[in-house]
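**Student:** I have a structure here, written as structure tokens, and I will follow up with some questions on it.
The values are calculated or read from the model by the stated rules, or taken from the named source; none is laboratory data. This structure is a prediction, so every number in the text was calculated from the model and none was measured. Virtual Cβ from ideal backbone geometry, glycine too; neighbours counted across all protein chains shown. For accessibility, only protein heavy atoms count, side chains too; no ligands or nucleic acids. Shrake-Rupley method; radii C 1.70, N 1.55, O 1.52, S 1.80 Å.
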Amino acid sequence: MTTTALSPAVSPEREASLLASVPTGLLINGEWRDASDGGTFDVHDPATGEVLATLASATSADAAAALDAADAAQAGWARTAPRVRSEILRRAFDLVTERAEDFALLMTLEMGKPLAEARGEVTYGAEFLRWFSEETVRDYGRYLTTPEGKNKILVQHKPVGPCLLITPWNFPLAMATRKVAPAVAAGCTMVLKPAKLTPLTAQYFAQTMLDAGLPAGVLNVVASSSASGISGPLLSDPRLRKVSFTGSTPVGKRLIADAAQNVLRTSMELGGNAPFIVFDDADLDAAVEGAMAAKMRNMGEACTAANRFLVHESVAQEFTRKFAAAMAALTTGRGTHPDTKVGPLIDGGARDDVHALVSAAVDAGAVAVTGGAPVDGPGYFYQPTVLANVPNNAAILGEEIFGPVAPVTTFSSEEDAIRLANASEYGLASYLYSRDFNRLLRVAEQIEFGMVGFNAGVISNAAAPFGGVKQSGLGREGGSEGIAEYTTTQYIGIADPYASQ
Ligand code: NAD
């Protein structure tokens, strides 16, 4: 592993002028304003620890004002023509694409991911705007005759109503567009609370939605240093009709419990513990390439990150050797440097947690084939790490690592691989490598995961239903399923039209 100098390849003037263009207030009813108590919080660069910006920190009263605006806008917004909402989303897609370099740099600055990856997230995140622009005008209902042949059934979809959208820090743009775009498509108004570690991208995105023509009050944004101070009062307010959350399973469970009070619709995109299974008939070079993508995207800080490498015992040694060589060749550094392949972790606590899991695994008998330690210096860097001989009961195989660490363990039969993969309370993404298509299908049918990659290390796509089973969540984002999360179904029973003849 090599480390780049921290000197940025992007000029400090460019960074400063972009940061100065990001709104720092709360977006309520189409206007950026200060917090009601004047409170603020700082946003840091995880590569240096330095302060990037200071934002208004919403209070409970600000959250209530945001819901006032969303509630007031709801009825009129629900009645807008689908084509109007569709074209706002399409303009937003065009604007995000035009501003791609700004969005990418902002994400690199506040979150740490290398610029090339941040650009990839802009493409992925913008695609939700285009996809749901197209879905807006195709939200079909149905009309049919009752089975006994007399009466008629009319089924229509209506917007669920004002929504609270809570997003995590790891994909600052895509996690916002994945919720905002279908909510706009369905005709819902929103209060968005971005993560306090990476709110700048969401602020810039909200301004972009206004620039695309989104009416005042439809999207309100309340960044805050107190997440529960925002969610608590909103979830107990009868005007709120839905909460959509992406984040950790423990916080998701708490929000589900709070949402029960008013029987709110919930969408939960929670944690994962993805198995990456390499069968003995796999193309090992393709598997290593897929493993690099599935593990190292976002420095491993992804809910879809391969968390456990289950490799057939006959190919484990060769796979591990090739995988460790590829990991050792990665360059760590500030994301703005063109040579950087691995940025910092989000903060010091995250880095300590990763190292604690690695140390415990090594104490239990695992071997660090490459890496295994934090990187000295400013920022929260961790060495790309491959651990071999990891015992099956090691904590690192059961918990989300959220870092650039790949534990490898072995299996001896297909049944064994399925049993190990399913031995988790999570069920989000999974990856299978084999040349035998029937085997891939057979295993996919038996593993309890919402998403399965066949010989593919990256599977997220706006056109596909993203989501998990078990404690990885409820509901789907993207695909034709995504808009349904923001609509409610109304059935109209129509008496026999011939009865009055
Ligand atoms: P987190 O649960 O700590 O925070 C997520 C969001 O919830 C943030 O906006 C945070 O401010 C807010 N929050 C925290 N405590 C809250 C509370 N008590 N009440 C209301 N809101 C609260 O998660 P994180 O560390 O930001 O993100 C990492 C987690 O997100 C990982 O577990 C990862 O797997 C998961 N994730 C899941 C998906 C998915 O689609 N399934 C995608 C990305 C991340």
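**Student:** Quick one: accessible area per residue over the chain, 1.4 Å probe, rounded to a whole number of Å²?
**Tutor:** On the way: 19110 Å² over 501 residues.
With the other protein chains kept in place, the chain gives 38 Å² per residue.
**Student:** So, one more: Considering only DSSP beta bridges with both partners in the chain, what is the antiparallel share in %, to the nearest 5?
**Tutor:** Taking every DSSP beta bridge within the chain, about 45 percent pair in antiparallel fashion.
**Student:** Something else about it: Quick query: amide H of Gly161 versus all other amide H atoms, modeled in the peptide plane; which residues come in under 5 Å with a sequence gap of 5 or more or a different chain?
**Tutor:** Residues meeting the amide H criterion: Thr189.
**Student:** Follow-up. If I stretch the segment between Ser412 and Thr123 completely, what's the gain in nm (0.36 nm per residue apart, minus their alpha carbon distance), one decimal? Mind showing how you got there, number by number?
**Tutor:** On the way: separation 289, 0.36 × 289 = 104.04 nm, distance 4.00 nm.
The Ser412-Thr123 span can extend by a further 100.0 nm.
**Student:** Lysines near Lys196 by alpha-carbon distance under 26 Å, same-chain residues fewer than 8 away left out - which ones?
**Tutor:** Counting by Cα, and skipping residues close in sequence, Lys196 has these lysines nearby: Lys113, Lys179, Lys242, Lys253, Lys295, Lys341.
**Student:** Considering only DSSP states other than H, G, I, E and B, which GluC sites (Glu not before Pro) in the range 1-70 qualify as loop sites with at most 12 other Cβ atoms within 10 Å? Write out the running numbers ahead of the final one.
**Tutor:** On the way: sites: Glu13, Glu15, Glu31, Glu50; in loops: Glu50.
Sites meeting the loop and neighbour criteria: Glu50.
**Student:** Alpha carbon centre of the range 386-435 versus the range 107-154: separation in Å?
**Tutor:** Answer, in whole Å: 32.
**Student:** Need one value: the accessible area of Asp258 in square angstrom, 1.4 angstrom probe, rounded to the nearest 10.
**Tutor:** 60
**Student:** By how many degrees, 0 to 90 and rounded to 10, does the Cα axis of helix 174-186 deviate from the longest principal axis of the chain?
**Tutor:** 20
**Student:** Next up: Between Ala9 and Asp34, what is the spin-label point distance in nm, taking each point 7 Å from the Cα along the Cα→C-beta axis?
**Tutor:** 4.1
**Student:** Angle, helix 82-98 long axis vs. longest principal axis of the chain, Cα atoms, 0 to 90°, nearest 10?
**Tutor:** 30
**Student:** Using a Förster distance of 60 angstrom, determine the FRET efficiency expected from the C-beta separation of Glu425 and Ala495, and round it to 0.05. Display every interim value, and only then the final one.
**Tutor:** Values: r = 50 Å, r/R0 = 0.83.
It comes out at approximately 0.75.
**Student:** Between Gln261 and Ala16, what's the calculated FRET efficiency when r is the beta-carbon distance and R0 is 51 Å? Round to 0.05.
**Tutor:** On the way: r = 45 Å, r/R0 = 0.89.
With R0 = 51 Å, the Cβ-Cβ based efficiency is 0.65.
**Student:** In the calculated pair distance distribution of the chain, what percentage of Cα-Cα distances lie above 45 Å? Intermediate results must be reported in sequence, preceding the final value.
**Tutor:** On the way: 18838 of 125250 pairs.
Tail fraction, whole percent: 15.
**Student:** Between 0 and 90 degrees, rounded to the nearest ten: what's the tilt of helix 316-328 against the longest Cα principal axis of the chain?
**Tutor:** Here the helix axis deviates by roughly 80 degrees.
**Student:** Also, quick follow-up: Which whole-Hz ³J(HN,Hα) couplings does the range 394-402 yield from phi under the Karplus relation 6.51 cos²θ - 1.76 cosθ + 1.60, θ = phi - 60°, glycine and proline marked x?
**Tutor:** 5, 4, 5, 8, x, 10, 5, 6, 6
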